[in-house]
Amino acid sequence: MLAAVISLSLLGAGLGLALGFASRQFAVEGNPLMDELVAMMPGSNCGQCGFPGCTGAAAAIAEGTAPPTCCPPGGKALAAALADRLGIAIDLSALEDRGPQLAVVAEEVCIGCCRCIKVCPTDAIVGAAKQIHNVLREACTGCGSCVERCPTEALVMRPVPATLQHWVWPKPAAA
Amino acid sequence: MTAPAEFLLLLLSTALVNNVVLVKFLGLCPVMGVSRSMDAALGMGLATTFVITLAAGASWMLEHWLLLPLDLGYLRILTFILVIAATVQFTEMVIRRLSPGLYQSLGIYLPLITTNCAVLGVALLNVQQGFGLLKSLLYGFGSALGFTLVMLVFAGLRERIALARVPEAFAGAPVAFIAISLLSLAFMGFAGLIA
C-alpha cells in the first residue's frame, strides 16, 4: 500500500517535472501582435464577423486579411483602436456607430421560447420556458445575436439608457 | 535461428501477420478519423510510431523495475496509461514546435493518441508474452510500423474513393468502412506467411 502510494507519487512527480521542462524547452512563441489584438477584442465570440470567435478574427486582422472594422459589437471605438495599433488609416465614416447598445426584451411580444437564451454568448438573458425573458444589463455586450434568433421580434437593440449610475458628463466638443 | 533473423521475423510478423489494426482491431479510431489525406495519415502514423515504441520500452522498464519487484501488478494499467499520456503530451509539444502545419491537420486526434488502444494494447501484450526489453521495443516498433502502413494504404484508398462516383447511400463513412473491411480481408492473406 505505502509502496504503491510512494511509487505512483514519485512517478507522477517525475513525469510532471519532465513535461514541465519540455514545455519550457519547446515553448511556441505566438504572434505577439495577435495576442495584443485578442486582448482588445470584445471576447464574447458572437461570430458576427464570420470568423470562429474573437481569436480567429484577431488572427485575420493581424494578417491583414480582414479589415479592423469587421467587428460589429466593437463599433467605431474598437475599429479606431485596432487601426491605431496596426498603424493603418481606415475610413471610419462608413461605419455606422450607434453608440453602445443593449438588447431589450419587449415584454408584450415575448413568448418565452428560450431560443435567445441559447444563442447569447455571455449568458445575459434570463428566463424559462413560457416565461417572459429579460436581459441583464451588466452582462449584455450588445452583440445582437439574440435579435436575429427571436421568432417574434421581441428583442430589439436600444442605446444604453443613461441612469444615475452610468451617466457621465459628455466630452467637450473639440474646437 | 540467429538473432538478427529472429528479430526480422518478429518485426515482419507484428507489422504484417498480426497487424494491430486489421487483425487485432486495435486503434481503429485514428485510422477512420485521420485517413482523409496521405500527409495527415503519414504524420499520424509517425507520431503514433514514436509513442508506441517509447511506451513499449517505458512500460517494460516500469513492469520489471517497479511493478514486479514491489508486487504492484494491480497498478499496471494505471501506470502504463500515466506514462503513455506523458509521452503523448511530449510528442504534442514537439510536433507543435517543429511542424505547426501537421499540428493543425492532426487536430484533436493528436492528444487522442493517449486513448488509442493500440498503444496500451501493445504495452500489455508485451507483458503478457514476457518479452525482454529489446524484443519489447521491436514488438512495439513493428506494431507501429504496421499501424503506419495501414494508415497510409487506407488514406491512399480513401483519396481515390473521394474522386470516385459512389452511390449516394454509400458516400462518406459507409464506403470507407467497406474499403477497410476489404483491406482487412487482404491482410488475412498474410496469415500463412510465417510458419
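The values are calculated or read from the model by the stated rules, or taken from the named source; none is laboratory data. Note that the structure is predicted; figures quoted are calculated from it, not measured. Using ideal geometry, Cβ is built from the backbone for each residue, glycine included, and neighbour counts are taken over all protein chains shown.
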Taking region B:156-171 and keeping residues surrounded by 12 or more Cβ atoms within 10 Å (Cβ to Cβ) and farther than 16 Å from residue B:28 by Cβ leaves B:156, B:159, B:161, B:162, B:166, B:170, B:171
Of the conditions (1) over 16 Å from residue B:132 (Cβ atoms); (2) in contact (Cβ under 8 Å) with a residue 60 or more places away in the chain, residue B:56 satisfies every one except a single condition; which number is it?
(1)
Filter pass, residue A:109 being over 30 Å from residue B:83 (Cβ atoms) and at pLDDT 85 or above:
yes
With respect to residue B:111, determine if the residue is within 14 Å of chain A (Cβ to nearest Cβ) and either among the aromatic types (Phe, Trp, Tyr) or more than 18 Å from the chain's Cα centre (by Cα) (or both).
no
For region B:94-104, does any single residue satisfy the condition of being more than 19 Å from residue B:134 (Cβ to Cβ), touching a Phe, Trp or Tyr at 6+ places or on another chain (Cβ under 9 Å) and in contact (Cβ under 8 Å) with a residue 12 or more places away in the chain?
yes
Residue within region B:92-106 that is away from every other protein chain (no Cβ under 14 Å) and surrounded by fewer than 19 Cβ atoms within 10 Å (Cβ to Cβ) present:
yes
Among B:77, B:52, B:81, which is among the hydrophobic types (A, V, I, L, M, F, W, C) and under 22 Å from residue B:138 (Cβ atoms)?
B:52
Quick one: residue B:71 ticks every box in (1) out of contact with any helix residue (DSSP H, G or I) (no Cβ under 9 Å at 6 or more places or on another chain); (2) at positive phi bar one, so which box is it?
(1)
If only one of A:117, A:88, A:111 is surrounded by 12 or more Cβ atoms within 10 Å (Cβ to Cβ), in a loop (DSSP other than H, G, I, E, B) and of a type in the set (A, V, I, L, M), which one is it?
A:111
Selection count where residues are under 23 Å from residue A:48 (Cα atoms), of a type in the set (Gly, Ala, Ser) and either assigned to a loop (DSSP other than H, G, I, E, B) or out of contact with any Cys (no Cβ under 7 Å at 6 or more places or on another chain) (or both), scope region A:120-147:
4
Could you tell me how many of the residues in region A:38-83 are within 19 Å of residue A:144 (Cα to Cα) and part of a loop (DSSP other than H, G, I, E, B)?
16
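Matching residues to (1) within 14 Å of chain A (Cβ to nearest Cβ); (2) under 30 Å from residue B:172 (Cα atoms):
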{"site": "B:19", "(1), (2)": "no, yes"}
{"site": "B:28", "(1), (2)": "no, yes"}
{"site": "B:43", "(1), (2)": "no, yes"}
{"site": "B:47", "(1), (2)": "no, yes"}
{"site": "B:53", "(1), (2)": "no, no"}
{"site": "B:81", "(1), (2)": "yes, no"}
